[in-house]
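Below is one structure, written out as structure tokens, with a few remarks after it.
The values are calculated or read from the model by the stated rules, or taken from the named source; none is laboratory data. Bear in mind the structure is a predicted one, so any value in this text is a computation, not a measurement. Please note: Cβ atoms are built from the backbone with ideal geometry, for glycine as well, and neighbour counts cover all protein chains shown. Note: areas computed on protein heavy atoms with side chains; ligands, DNA, RNA excluded. Shrake-Rupley method; radii C 1.70, N 1.55, O 1.52, S 1.80 Å.
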Amino acid sequence: MRNRVLENVIGWGISAVLLILAALFLWAPIQVSNPVPEPVDVDRARLGARPIRVAMHDPPSIEVATFDMNCMECHALFESGKMMPGGLQRHNDIEMGHGINTNCFNCHDVERRDRLVLEGGETVGFNQVPQLCGKCHGPTWRDWQQGIHGKTVGSWRGGDERQQRYTCTDCHDPHTPAFKRGTPLPGPNTIRMTPGEGPHHDDGVHRPLAQWINQIAEHGHDDDAPP
Amino acid sequence: MRLPVLRQDDAGGGCGGCPPQDAPDSRRSFLRSTVAVGAGFAALGAALSPLADLDTDKVFAGEDFFREHYKELTAEDKARLFADIEAQIDREYGVQATVGDPRPLPGVEFVYALNLSRCDGNRACVHACVKENNQSREPEIQYIRVLEMPIGTFELERGNQYYSEKTPRPGHFYMPIQCHQCANPPCVKVCPVEATWQEADGITVVDYDWCIGCRYCQAACPYWARRFNWTDPEIPSDEINPDMAYLSNRPRSRGVMEKCTFCLQRTRKGRMPACLEACPTGARKFGNILDPGSEVSQILREKRVFVLKEEVGTRPRFFYYFDELSSRTTEGVAS
């Protein structure tokens, strides 16, 4: 008799559980949400294959009062100093940051301002910048000639017509050649890391692993411990 | 053989053979089993109810179910299959894509070289890759991880891949890591269904329709190079790259692995990988190692290159090197 009661309880119990499960499946009162990070906003202009700056072409020209002027159109008329005693009076958009190389005529020719000057007074056009830079940056010039330094786009095949080698001034501002520091594009999302404190650090620094990294730095690894 | 014989009980009456003392029990047990079976069917129906909302484009049905492995497809199979995929992309995204199948070029073995002295951690490569290879944007899948590490150390576990401050941060260097296209790839060895393999030009590819999503390859890869689609990939229609290849950047589905393929849809047609072209510092170099005049051959001859985790014996085709720092920046990176 007890067995029969037990059987009944189990039978109805299973039925009830199945029915409840069926109801849960169908009406889904508990929404299981799967957190998905928002898509990130990326400056697409930074992703293309084009030089990061516009190099001076040959013959060079600059815009003066909305006119494109060749250097010699002014410099043939006006005498300008061969040294730079009190800084630049013209061309004052130029920001100088080239180490000890602060003299204009280390690179520009004194007489022909639309030419660049090599050692010994020989001049080259603005399209032969690598030769000029190679005066001081010998190893870098050698690497550039071999394709080690610099950037090649279009094709990896030598002789392919799509292949394009960037020259020094396609990437470096000749007056301030060092790259500026910049904000990096977004990193991987951290949505599944330490909710509340992980993704956005209070000081704006995106380093959710900092506490572990610092811990390791302070105490070393477990296997560093003396035996 | 004895057959079971129904016991006739003459002592009872009423229902023509039924034992009277069992009658209430029979009714009860009949009711009980009816309810149980009903509940069972209801539960089954409920469990199957998501099928009603199933997107037929996302399931293998009919012909798809019997599709051969990529290596067993004939030219006609491929033509039909690629046309199907193009039609599906058109339905889903409204984009006229071309799905091609560029094969490895004879006499070409691709190698990557990366100058750690030049990389400034700007992550342009990461996002150029996402755009070129039609990775999911929501959640975003990135093939390239850039580790920020203190100069003078080389502990990957102390590297921070989530940095967001201005780069290069003083006293730090940056190490981008992506698929190394190993010559001895552990990911290929562990795949239980041969859905991933190494091709003649050294690129390891995945047949997304053969992958069962077990993620063994992800566990086997020492370079953290493989990604899993936990959800249906979401890509805005206007961001789809229509130049696709079957083994690389065609849209993937939920539950499959994906990885960097050195942009084979570009590189097998002579072009450069997207990450290289986006790199503003020229830290990335790519080419054919079998051509002694190529940039990467020059680098391997001239520079002291190294591979990551050499001791695990994977023989990567991805080389790192350091260079002189002098002309890199005057803003005190090394300070």
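Note on the range B:110-321: with neighbouring protein chains present and a 1.4 Å probe, carbon and sulfur make up 50 percent of its accessible heavy-atom surface.
Restricting to DSSP loop positions (anything but H, G, I, E, B) with no more than 14 other Cβ atoms inside 10 Å of their own Cβ, which GluC sites (Glu not before Pro) remain in the range B:157-205?
On the way: sites: B:Glu157, B:Glu165, B:Glu194, B:Glu199; in loops: B:Glu165, B:Glu194, B:Glu199.
Filter output for the range B:157-205: B:Glu194.
Each part reduced to its alpha carbon centroid, the range B:190-217 and the range A:1-27 end up 46 Å apart.
Could you calculate the FRET efficiency of B:Leu105 with B:Phe322 from 1/(1 + (r/R0)^6), where r is the beta carbon distance between them and R0 is 30 Å, rounded to 0.05? Don't skip to the end; give the middle numbers.
On the way: r = 31 Å, r/R0 = 1.03.
About 0.45, to the nearest 0.05.
Stokes-Einstein, applied to the Kirkwood radius of the range A:1-47 over Cα pairs at a viscosity of 1.306 mPa s and 10 °C, places its translational diffusion at 103 µm² s⁻¹.
Rounded to the nearest 10 square angstrom, A:His149 shows an accessible area of 30 square angstrom against a 1.4 Å probe. Within chain B, DSSP assigns beta bridges of which about 75% are antiparallel (rounded to the nearest 5).
A crude spin-label estimate for the pair A:Asn127 and B:Val37, with each label 7 Å from Cα along the Cβ direction, gives 9.0 nm. Measure up A:Lys151/B:Lys303; B:Lys189/B:Lys285; B:Lys189/B:Lys259; A:Lys151/B:Lys285; B:Lys166/B:Lys309; B:Lys71/B:Lys189 against 19 Å on the Cα-Cα distance and list the ones that go over. Table pairs above 19 Å Cα-Cα are B:Lys189/B:Lys285; B:Lys166/B:Lys309. Buried surface for the B/A pair, taken as the accessible area of each chain alone minus that of the pair with a 1.4 Å probe, is close to 6200 Å² in total. Contact residues in the range A:1-19 by the 10 Å² criterion (accessible area, 1.4 Å probe, full protein complex versus chain alone): A:Arg4, A:Glu7, A:Asn8, A:Gly11, A:Trp12, A:Ser15, A:Leu18, A:Leu19.
Out of every Cα-Cα pair that the range B:110-321 contains, those further apart than 26 angstrom amount to 33 percent. Note on B:Ala219 and B:Leu54: with the Förster distance fixed at 25 Å, the Cβ-Cβ geometry gives a FRET efficiency of about 0.25. Scalar couplings 3J(HN,Hα) for the range A:91-97, obtained by applying the Karplus form with A = 6.51, B = -1.76, C = 1.60 to θ = phi - 60°, are 6, 7, 7, 6, 9, 8, x Hz; x denotes Gly and Pro.
Diffusion coefficient (Stokes-Einstein, Kirkwood radius over C-alpha pairs, 10 °C, 1.306 mPa s) for the range A:1-139: 70 µm²/s, rounded to a whole number. Label reach from A:Ser80 (point 7 Å along Cα→C-beta): in the range A:116-136, amide nitrogens under 18 Å belong to A:116-118, A:124-127. Applied to the range A:120-128, the Karplus parametrisation 6.51 cos²θ - 1.76 cosθ + 1.60 on θ = phi - 60° returns per-residue 3J(HN,Hα) values of x, x, 5, 10, 10, x, 5, 8, 10 Hz, with x for Gly and Pro. Under the simplified labelling scheme, the B:Lys309-A:Lys180 pair shows an inter-label distance of 3.9 nm, with each label point 7 Å from Cα along Cα→Cβ.
When you filter the GluC sites (Glu not before Pro) in the range A:66-162 for DSSP loop state and at most 14 other Cβ atoms inside 10 Å of their Cβ, you are left with A:Glu79, A:Glu95, A:Glu111, A:Glu122, A:Glu161. The distance between label points at A:Arg50 and A:Glu38 comes to 2.9 nm (points 7 Å beyond Cα on the Cα→Cβ vector).
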